[in-house]
Amino acid sequence: MKPTSIAAGTAFIGTLFILAPAGAIQLNEAWDWPRWQIAGGRVLGSGLVLAGVVVYAYCSGLFSRVGKGTPVPLEPPEHLVIEGLYRFSRNPMYVAQVAYLLGLFVYRGELSLALYAAIFAGAIHTSVVRTEEPELRRRFGEEYVRYTQEVPRWISIRPRGSRE
């Protein structure tokens, strides 16, 4: 992995998943919005945050080992990654990122974190549909088209290959 990819990836992840949520927490306080708390919220929220981090790390490893690239656009995978969690979702890293953000909301209770998670999810969906999928279709052709017919964009409980 190139040092520029490492730096870009670290800056990107740090901004979206540390700095922006910290800003949302400050906005919640500045706007005097209430905090939403549920019994077990800290445990459930911690679980979602941990699951998001673990899934993201696992999928990043697949991008490196199988795809011979990174999740960072500066060094995209050379091969289409369709194994592991990619059998259940074409975008498990994005699902993990949204789970992480929702976990922060459930753990802390600031409504601004829920709003940030919703905006992030909408932006990701728009980016995937308008930019990422057409690029993957161009790069990987028929292999990607077949993959999109077998695996949903976001999440499924049935793995690729089990469809009838």
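Just so it is clear, none of the values below were taken in a lab; they were calculated from the coordinates. No experiment lies behind these values; they were computed from the predicted model shown. All Cβ positions, even for glycine, are placed from backbone atoms using ideal geometry, and neighbour counts span all protein chains on display.
Things worth noting here:
- Computed from Cα positions, the angle between helix 133-150 and the longest principal axis of the chain comes to roughly 90 degrees.
- Compared with the dominant Cα axis of the chain, that is its longest principal axis, helix 111-127 is turned about 20°.
- Rounded to 10°, Cα long-axis angle of helix 20-30 versus longest principal axis of the chain: 20 degrees
- Rg and Dmax of the chain, Cα atoms only, in Å: 17.1, 53
- Cα-based radius of gyration for the range 1-52, normalised by 2.2 N^0.38 Å, reads 1.54.
- Among 104, 85, 19, sorting on how many other beta-carbon atoms sit within 10 Å of each Cβ, with the fewest leading, yields 19, 85, 104.
- Over the range 72-136, the alpha carbon radius of gyration divided by the compact-protein estimate 2.2 N^0.38 Å works out to 1.29.
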